[in-house]
Structures are given as structure tokens and as C-alpha cells.
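The block underneath contains the structure these notes are about, expressed in C-alpha cells.
The values are calculated or read from the model by the stated rules, or taken from the named source; none is laboratory data. If you're wondering where the values come from, they're calculated on a predicted model, not measured in any experiment. Ideal geometry is used to build each Cβ from the backbone, glycine not excepted, and the neighbour counts take in all protein chains shown. Only protein heavy atoms, including side chains, enter the accessible area calculation; ligands, DNA and RNA are left aside. Shrake-Rupley method; radii C 1.70, N 1.55, O 1.52, S 1.80 Å.
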Amino acid sequence: MTPARVLLADNNPQILALYGKYLRDAGYHVATADSPATARQALDRQWFDLAVIDWRLDDDSEGDHSGYELAGDPLYSHVAKIILTLYPDWQKAVKARTAGPDGCAPAFDYIGKEQTLREFGQAAARALAEAIPTDRALLMADATQRRLVEVAGRLRPPEAMSTDDCVYELEVLVRRLFCRRADKPAYRQVVIERFVWDRPGRVAVVVYAYPSNTAARRQYLVVAGLRDVIEQERARRQTYLPTPPPGATQLGYTATTARFAANAYALPGADLEQVRPLGDAYRQNAANQVTPILSQLAPPGRRLGELGQAIAADTASDDRLLAHFGLPPRPALAASLAARLDELAAQAAALDVAHLERTAESLIIRSPRAGLEFSLASPLLWLAQPAAAGPLRLGLSPGRLAADTILVDGDGRPWLTDLLHVTEGPLLADFAALETVIKFEAEAPAGLADCERLESLLLEADRLDQSLRSELPPLRKTISVIAALRHSAAEVAGDDLDTYHAALFYAAAAHLLRGRLDADRPRREVEALVRVALSLGRLAGRLLTVSGAGPRTAARGVQLFEAPRRLVVDGRVVEIKSPQQFAVLLRLVNAPGQWVTRQVLYQAAYKQAYDDAYQGQFDQLIYRIREKLGETHDNPRYLFSAPDEGYALFPHGRPPDTRRP
């Protein structure tokens, strides 16, 4: 390791010169400061293993305690410190080495300037070795040093900090994490094997640690990052998961420096050489192999993953769902989504991925290359409706789920590795988040046509535990896995399909808002976000249908809007340009579940009495309406007919004994 870094802070230039030379001659890297301000600036900009600070750092007056105050600042509690003074006092010595409310003493040692330089050097060596244990003899190969440079780049530390200083402090962090203590063995070498995932302010890496007394290595998943973020993760885990049950990641070691912190987790019984992200496991296995993995994340009667029994509670469901996905209130979310959709439209057009057009009421997605056009409900239209409120079943939740942070070991066991947001939350939201992960992260990229078919099939369900299947090869696996997931959701959190759809909407919105849209984003990533936008539009249409807000509704999944004239079928927006078609639909939705004769419907459409001579004209009108409903004469979904009865839109599906003339 490079020489230890020491900050020498004193307002006397002679002291700085004398002590500085002695420390340099002893092999230390030394920086100096001559005031509290310059000392703080140095500590804020780079890492020091030891700070030697004059008690009277400001003006040498009897009331000057600026050096002591600097040493006691919690910001620098993870730097070893010695207080130096020309006026030694036993009471001050006790004060300097007494722990404050945060459990840290301002200084490890307190020495007078009358002591010899040799005694000062011994005190410095002692502070470096004992104040905050750091294994400076721990071996790190060049490859591991290069990994630290990569970690520094991914963490994006404060701009004032140079890359070299950042890498050095991260090296100190690793040496503290694997330093010998009573609760762990002495290690001779650590190897940062590979990156697993990264998030703003955090990275997860696989680390192999080799004990000094055996050849058998130990494996850890280390989550390292900015100090505040990692300490928050540590605190949440301690609050919500103080005693992890079998099958959960076990928090082993922790370490902290001025700007960074790290948690080392063990995955008992798992070989980290074989673990892979859920996304890879999903793509490499068939549905009957993926479903057992997901069932271990959400077994009936338990909270998601390893997190225990559910808690029944009543709460405002919409507010809870928004908070769970880290989203702002609906008005602010609508503004953010509008800006993101416009940004996505520009990027998708620039890459010739798709053309997105957004209005107050619709979202149109066109793919000229594939000859596709989808007219969808605007996600903003649903967000403009009053928020839902009602009971939700709560439980302990990881709060964030992603295809790369859920790891799967060689035995098919899943491990939740991102617990920064663990909290009490809606159980349905976790299942919705997992379904979103499957559709947009784990599943192999699909075209817009397959994505639309998938959303249509999923939105046809009337119950959360309804059996779903598709004969289309690209969709079979996804439909099968999601059907099993929804069945578990119904058992654990209740069969509340409308709330589940709302959770899916918010999960997709969070996914869209967090997706990166830099100018250099690869085409496939922009395509993935266009698929998320399509899903949002389909979900918005379904949610508008069941909300009863504004449009006339006659059947689950069908809405009729009068201004402008349009039909929303399972989230798909269809313009009704024909006044005759609109008149027939309006007459039917005003009498849901009631038969309306051909004569009445013909008169509503054409404003004249029906005559058998016009039968072909009327049949053609009904044919066009069924086209817009996405059905046929032989396979009706919403519009049913019966001899001598006429036509009806049934709100709960096919009427009994329906015949199709």
C-alpha cells in the first residue's frame, strides 16, 4: 500500500516545517494546513489516514479551541486524530479522549509539543495502528486495484475529490472491512472478482477473501458506496430485519471512511461463482424452472422473499402505492411523465425506433418500419382522475426489485441483495413490481406487436388468480410465469385486480422515469422504454374503464367518450368517426346488460324506421362496431346478440344461453 497520508494542521510555520519533515522522513505522505478553514478544506477534498491538529489552531489565544472543535466534528470521526498542544493540561487531555454523544472521541491521543519528535512519531504510529483498525498489509493484486478505479468511476464522488484520492479512500475502506478483529479472522489477500449491479451512490461486487491460516477462501457480496446511502441501508436492515431467517443474506462486516461505507454480506450455502442475476436465470430457463424460483420469493402466507408474515392494515391505497415506488403525488407525477414521454419521443424519433405522439387524452405509438400504430389512452388522463382510497394489505417489503439485484444461485434459490428501501409496504405492489421486472428487464426484447398482444392478454383477466395462456410461441413463457405470479399474489395479498393494475401502472411509471435517456443510449434501451410507454397507455385505458370517471361504461374493459368521440377497449383507444356507429354504441352503453332490438338501434343510427330491405346495411354497421371492439361475429367478447331479442353489451361477460344469429 502507498504510504499513510497525514494532515498536519498548526498555525505556527516552524512547527509545520519541523514536524512535517520528521513525518516525511519516517515515510509518510504529508499535507499541511495553517488554519481551521484550510484544514477543513483539505479534509473535505481528500482522504487522510491521520490528522495531527493543534488545539489552538486559529489565533493561539487562551480561549481558542478551534483545533479541538475541528477534531470533534462528526464529519471527520472516521479519521484517526492526534491533538497537539503547546499548553498541555490534564483536563483537556481527558476531554480530548472522551467519547461524545456519537460514541467517538475527538482524538485518539493528546500530546504536548515539549515531547520529543521520537515520542511524537511513536504516537503517530500508534494512532494509525490502533485508532481505527486498518490492515495495511492486506494484499491487493493489480486487478483488484483496477476494480477500485472502476468503483470510483461508478460512484461519481464529489467533484472536489480527485480520482486518485477517491481510489485511495476506497482502498482504505476495503482494508478496514477485512481487517482482523475479534469477530473475524486475519486475511492475507482480498480479490474483487466482478461487479454485480450498481445504483446511484452504490455498487455491489463479489469479493473473495483468503484467510491467513487456510487456503479456503470466503465469499462475500460487498455493497459499497457513498457513506450516507450505505449507512441508511445498514440502519434499515437493522430496523426491519434484525435477525435474518434462514435463506436470507447475512450481514457480516461493515466499514466506514469519511465519504464511503461498505457492508459485506454472506449468502449461506451459495457459491458466488454460480450466482447469476434473475434476468439471466429467467432467459436461460423454461417457465417450469422459473416459476419455482419466483415462488420462493413469494410463497403463500409470507411476505415477499425472506421477510415474514403479512400485516393487515387499512390505508389510502393510492398514496401508499405512490410512496412505495418512490413517486411524487399524482399532479407532480403527471408533469414528470409528460416531460419524460416528450423526451422519449425525441430520442425514439432520432434513432428511428418509433414515433410517439402525445395529446391530453391519447398516446399514439407508430412503428413505420413494422407498419404498426397503437392508439392508447394517455397515462396523464388517468392521473387527472381522483385518487383511489381504500384498504390495502401491508407487509414487510424490500421496496425495490430489479432483475439484476435478485440473484439466483446454482440450486435455484433467489437472494434479495438490495435492501436500501426495505420498509412496510403494500404486498400487491411487490408482486406488481416483480411482474414489471419480468416484462421489461428479464424477458428477452420483444417487438411492439408482441408487447401489445401481451398487454391485451393480461388485461383480459377478470380476476387476479385467473388462468392465463397464449398459443403464440413468443408469449407462452411470459404468460405462464406471470399467471403463476398473480396466483401467488391473490393468495398472499387478496384478489384485488384494480389495485393490482394501479400498482402495475406506478411500477411502469417508475421504470420509465428512472430509465436513462442520454444521447448515447443504445437503440435497444430506447426500444425497451417505448415498450414501457405502450404498457402505461394500455394500463391507463383499463384503469379509466373501471374508474367510471367521465366516460360511459357498459362492460368491463369498454368505455365510450362523447367529446371527442372515441372508444377505449381494454386500454386501446379507437376513434369513432362514424356518427351511426357512435349512436348505436351510445344506445347500448346507456342500457348495459339489456337487449336492444335491431329496429331501435337502426332508428338511433339512421333517424328513420327500420325496414328489412336495410338488413345488409345494418349488419355491415354491426360488423364495423365489432371490429372496433376487437371481436368477431363468431367470437364476441362484449357485444352479444340473440334471435328476437336484439343486441346488448353485458357488463360481466357473456349472458347465459347466448345464441349468435
The farthest towards the positive end of the charge dipole of the range 350-399, of the residues Ser378, Leu396, Leu356, given +1 on Cβ of Lys and Arg and -1 on Cβ of Asp and Glu, is Leu396
Surrounding charge for Val191, neighbours by C-beta under 13 angstrom, Lys/Arg +1, Asp/Glu -1, total +3
Measuring from the longest principal axis of the C-alpha atoms of the chain, the long axis of helix 163-177 (C-alpha) lies at a number of degrees, nearest 10, equal to 80 degrees
Computed for the chain: size of charge dipole around the Cα centre, +1 on C-beta of each Lys and Arg, -1 on C-beta of each Asp and Glu, debye to nearest 20, value 1100 debye
Given Cβ charges of +1 for Lys and Arg and -1 for Asp and Glu, the option among Leu139, Ala323, Tyr638 whose Cα lies farthest towards the positive end of the dipole of the chain is Tyr638
Pairs over 19 Å Cα to Cα, from Lys439/Lys477; Lys92/Lys113; Lys21/Lys92; Lys81/Lys113, come to Lys21/Lys92
Using alpha carbon centers only, the range 250-271 is separated from the range 110-144 by a whole-angstrom value of 25 Å
Semi-axes in Å, largest first, for the range 1-121 (Cα gyration tensor, √(5λ)) are 20, 17, 14
Out of Leu70, Gly27, Asn12 - ranked by how far each Cα lies towards the positive end of the dipole of the range 1-78, with unit charges on the beta-carbon of charged residues - the top one is Gly27
Inter-part gap, Cα centre of the range 171-209 to Cα centre of the range 466-482, in whole angstrom, is 42 Å
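For a test of the definition: using alpha carbon positions, the gyration tensor, and the 1.5 limit on a/c, classify the range 178-235 as rounded, prolate or oblate. Walk me through the numbers on the way to the answer.
On the way: a/c = 3.39, a/b = 1.67, b/c = 2.03.
Oblate shape, in that a/c is at least 1.5 and b/c is the bigger or equal ratio.
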Any aspartates and glutamates whose Cα falls less than 12 Å from that of Lys95, other than same-chain ones fewer than 8 residues away, would be Glu69, Asp109
Computed over the range 89-154, protein heavy atoms only, probe 1.4 angstrom, the accessible area per residue in square angstrom equals 56 Å²
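Looking at the square roots a ≥ b ≥ c of the eigenvalues of the Cα gyration tensor of the range 470-516, which shape do they give, rounded for a/c under 1.5, prolate if a/b is larger than b/c, or oblate? Display every interim value, and only then the final one.
Values: a/c = 2.59, a/b = 1.12, b/c = 2.31.
Taking the square roots of the gyration eigenvalues as a ≥ b ≥ c, the range 470-516 is oblate.
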With +1 at each Lys and Arg Cβ and -1 at each Asp and Glu Cβ, the charge dipole magnitude of the range 28-68 around its Cα centre, to the nearest 20 debye, comes out at 280 debye
Under the helix-only model (-39500 (n - 2.57) for each DSSP H run of 4 or more, divided by the residues of the chain), the mean residue ellipticity at 222 nm, to 500 deg cm²/dmol, is -12500 deg cm²/dmol
Under a 1.4 Å probe, counting only protein heavy atoms, Trp415 has an accessible area in Å², nearest 10, of 0 Å²
Everything considered on the Cα gyration tensor (a ≥ b ≥ c; rounded for a/c under 1.5, else prolate if a/b is larger than b/c, else oblate), the chain must be described as prolate
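Counting Lys +1, Arg +1, Asp -1, Glu -1, what net charge surrounds Tyr208 among other residues with beta carbon under 14 Å of its beta carbon?
Numbers: positive: Arg147, Arg188, Arg194, Arg217, Arg218; negative: Glu193, Asp271, Glu273.
Residues close to Tyr208 contribute a combined charge of +2.
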In whole Hz, the Karplus estimates of ³J(HN,Hα) for the range 637-642 (6.51, -1.76, 1.60; θ = phi - 60°; x where Gly or Pro) are 10, 10, 9, 10, 9, 8
Counting sequence-distant residues (5 or more places) and residues on other chains, those with an amide H built under 5 Å from that of Glu193 are Val206, Val207, Tyr208
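Summarise the accessible area of the chain (1.4 Å probe, protein heavy atoms) by the percent that is carbon and sulfur.
That share works out to 50 percent.
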Summing +1 per Lys or Arg and -1 per Asp or Glu among the other residues with Cβ less than 9 Å from Ala402's Cβ gives -1
